[in-house]
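Contents: one structure, followed by commentary.
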Amino acid sequence: MITLYGVPSSRAFRTIWMLEELGLSYTNIPTHYANGDTKKPEYLAINPNGHIPALVDDGAVYWESMAINLYLAKKYDKGLLPKSLPGECHAIQWSVWAMTEVENPMIDALLHRMFLPADQRDPKVADAGVAKLQGPFGVLDKQLAGNKYLLGDQYTVADVNLASVLAWGNFIGIDLAKYPNLQRWLGECTARPAAQKATALAMS
Ligand SMILES: N[C@@H](CCC(=O)N[C@@H](CS)C(=O)NCC(=O)O)C(=O)O
């Protein structure tokens, strides 16, 4: 029995993508970040940080989106987490990298180009976010030059975790023309049925 807390149009998008990759059945409680849901005592009892997503599986609670996906990939083994220690570490490495190098500037761009009400948007913040992303984009483009996926020939949780952060860029038209390997990889990842399902739920 798996319960996922969090509206799909949030970081819960990543978890939905992974649950769909694994073909798992789950209940989604649409806890919202913007209406006070995440600060209610009953939700804080699940995630004391007051953030979504959170996942309950077999009675145990998990939070932090990347950790949840790494957990799911390992527990419901469909080959999405490499079996070798270096492979597992590389999956963790790219997941942490998505959070530390990509997520914040991406969120700045997303908020100030799309999510905030028009009168609260600052194009300079959005542009600075996009400028900051150029470094990580270059790193990724090189990594993907000789690799079909992040860790090599095989699609893994590392691809889900990173592509699900980068997919936000598609909503605000971030131009990847200078990064053809990255563009090709992101297109392949986001075309997967699991990604399409998560996107449809996020948009609904
Ligand atoms: N590092 C956390 C961040 C979670 C997070 O900040 N989620 C946002 C929604 S996308 C949230 O819950 N915001 C509500 C709030 O901070 O009050 C993760 O990846 O799970």
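We did not get these values from a lab; they are worked out from the coordinates using the rules stated. Because the structure is predicted, anything quoted here is derived from the model rather than measured. FYI the Cβ positions are ideal-geometry reconstructions off the backbone, even for glycines, and counts take in every protein chain you see.
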In the chain, helical segments from DSSP H whose Cα atoms cover 20 Å or more along their own axis and that average at least -1.0 on the Kyte-Doolittle scale are 123-143
Protection proxy (average C-beta count within 10 Å per residue), highest first, orders 78-84, 113-119 as 78-84, 113-119
Over the chain, the sum of -39500 (n - 2.57) across DSSP H runs of at least four, divided by residue number and rounded to 500 deg cm²/dmol, gives at 222 nm -15000 deg cm²/dmol
Partner lysines whose C-alpha sits under 27 Å from that of Lys78, ignoring same-chain residues fewer than 8 away, are Lys148, Lys197
Karplus ³J(HN,Hα) for region 26-34 (6.51 cos²θ - 1.76 cosθ + 1.60, θ = phi - 60°; Hz, whole; x = Gly/Pro) runs 8, 9, 9, 8, x, 4, 9, 7, 10
Burial-style ranking of 160-168, 17-25, 123-131, 59-67, average other-beta-carbon count within 10 Å with highest first, yields 160-168, 17-25, 59-67, 123-131
Mean separation of Cα contacts under 8 Å (at least 6 apart) over the residue count of the chain, i.e. the relative contact order in percent, is 24 percent
Between Ile29 and residues 5 or more places away or on another chain, the pairs with built amide H atoms under 5 Å apart involve Leu4, Tyr5, Gly6
Taking Cα pairs closer than 8 Å and at least 6 residues apart, the relative contact order of region 44-90 in percent is 19 percent
Checked against the positive end of the charge dipole of region 76-181 (+1 on Cβ of Lys and Arg, -1 on Cβ of Asp and Glu, about the Cα centre), the farthest of Leu140, Gln93, Ala109 is Leu140
Amide H contacts under 5 Å for Tyr149, restricted to residues at least 5 apart in sequence or on another chain and with H modeled in the peptide plane, are Gln154
